[in-house]
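Working notes, structure below.
Taken together, the values in this text are just the output of simple stated rules run on the coordinates, not laboratory data. If you're wondering where the values come from, they're calculated on a predicted model, not measured in any experiment. Ideal geometry is used to build each Cβ from the backbone, glycine not excepted, and the neighbour counts take in all protein chains shown.
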Amino acid sequence: MQSHVRAIDRNIETTNIWLNELSNELHAEDKEEAWNCLNAVLRTIRDRLPAEDAVHFAAQLPTLIRGSYYEGWRPSEAPHKWRHKEDYLAAVRDRMPGRDKMDIEEAVRAVLRVAGHHMNEEEIRKIKSIHPKDVWDLWPV
């Protein structure tokens, strides 16, 4: 689909690149599944971060993904203090439709690998360091 506005077309293309990569990582049947997974993981990351760090992280996301990342955000309720991997993965699972058939830990790893391909490694390391050590093994860097 072309909008005939280059900036919009470029953002759709970039978002599709992310979704195609994630679909491949997840062996997903369709991009809808990848989209739902991407949103669940990114929103969980967002809600674990102090507001300023959440904004810096979002600045590196493609515009369409960034809009979804911010949807429903309540900065006054952040950061959540999930300290254990089980709690963190449960937060992702609760945000993901069709979660019964997906390995949530692998889904988180897949999203973080794709993000790592497109985002500044230093920013990824910073965001990782804000998370509890119990979930550091999910991150590719």
Quiz item: Within straight cross-link reach of K101, meaning Cα distance under 18 Å, which lysines are found once same-chain residues fewer than 8 apart are removed?
Solution: K31
Exercise. For the stretch 6-138, give the magnitude of the charge dipole about the Cα centre (Cβ charges: +1 Lys/Arg, -1 Asp/Glu; no others), in debye to the nearest 20.
Key: 400
Quiz item: Tell me, in nm to one decimal, what length is gained between T14 and Q60 on full extension, where the rule is 0.36 nm per residue of separation less the Cα-Cα distance?
Solution: 15.4 nm
Quiz prompt | Debye equation applied to the C-alpha atoms of the stretch 80-134, log10 I(q)/I(0) at 0.15, 0.29 Å⁻¹ | solution = -0.49, -1.19
Quiz item: Within a Cβ distance under 11 Å of A51, other residues only, what is the Lys/Arg minus Asp/Glu net charge?
Solution: -2
Quiz item: Going by how many other Cβ atoms sit within 10 Å of their own, how do I104, I17 line up, fewest first?
Solution: I17, I104
Practice problem: Taking a cut-off of 19 Å between Cα atoms, list the lysines near K85, but don't count ones fewer than 8 places away on the same chain. | Solution: K126, K128, K133
Quiz item: When ranked by the protection proxy of mean other Cβ atoms within 10 Å per residue, highest first, what sequence do the peptides 49-55, 34-40 form?
Solution: 34-40, 49-55
Exercise. Consider just the alpha-carbon atoms of the stretch 12-141 and return their Rg together with their Dmax, both in angstrom.
Key: 13.3, 37
